[in-house]
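Below: the structure, in structure tokens.
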Amino acid sequence: MRALPSRSALRARALAAGAAAVTVAAGLGVRAGADGAFAKYAGSALYTVLLCALVALCAPRARPVAVAGTGLALSWAVELLQLTGVPAGLSAHSTAARLVLGSTFNAPDLFWYAVGAAAAWGVHTGARRLATPSSSAAPRPAASR
């Protein structure tokens, strides 16, 4: 029999799902409201933020550095795969493939993926600190007289 996930794991998954939804909304907002280099590179950073949110959804107990590192590695892997031409071929036949895999390699994207991973790491670290009670917040025993 398999154990049920803990409340903290369920809470972490819910937050990760919410973060993924907010990231998709931000990406759509950037795409609708901006153009040029800003939109392109914001989209690259948000792509990695989304991957980090999905990694956190799948592995809710993972540490922020592992989540960010995995999201960054996946982003870089997809970008480097574009050097093969396989994503371009798939993208020509599928909108989903174009959105997930892209089509052409662009070296500056590698930097912006790192920016997205750093942003995701920062938000994830901050969220974990807020969710974890600190020793300074614990009630202190009254001093004896």
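The values are calculated or read from the model by the stated rules, or taken from the named source; none is laboratory data. Being a predicted model, the structure only gives us computed values, none of them experimental. Cβ: placed from backbone, ideal geometry, glycine included. Neighbour counts: every protein chain shown.
Structural remarks
- Residue in region 1-9 that is at pLDDT 95 or above, more than 13 Å from W121 (Cα to Cα) and either out of contact with any Phe, Trp or Tyr (no Cβ under 9 Å at 6 or more places or on another chain) or assigned to a helix (DSSP H, G or I) (or both) present: no
- Boolean, A56 is of a type in the set (A, V, I, L, M) and within 11 Å of the chain's Cα centre (by Cα): yes
- Residue list for region 101-129, restricted to those being polar (S, T, N, Q) and not in a helix (DSSP H, G or I): S103, T104, N106
- Meets criteria (over 13 Å from the mean Cα position of the chain (by Cα) and polar (S, T, N, Q)) for S75: no
- Single condition P108 does not satisfy, out of (1) modelled with pLDDT under 95; (2) exposed (fewer than 15 other Cβ atoms within 10 Å of the Cβ); (3) more than 17 Å from T23 (Cα to Cα): (1)
- Search result, residues across region 54-68 that are farther than 14 Å from Y113 by Cβ, small (G, A, S) and in contact (Cβ under 8 Å) with a residue 40 or more places away in the chain: A56
- For region 27-46, filtering for residues that are crowded, with 16+ Cβ neighbours inside 10 Å and of a type in the set (A, V, I, L, M, F, W, C) leaves 4.
- Qualifying positions in region 11-28 - closer than 14 Å to V55 by Cα and either touching a strand residue (DSSP E or B) at 6+ places or on another chain (Cβ under 9 Å) or in contact (Cβ under 8 Å) with a residue 40 or more places away in the chain (or both): A12, R13, L15, A16, A17, A19
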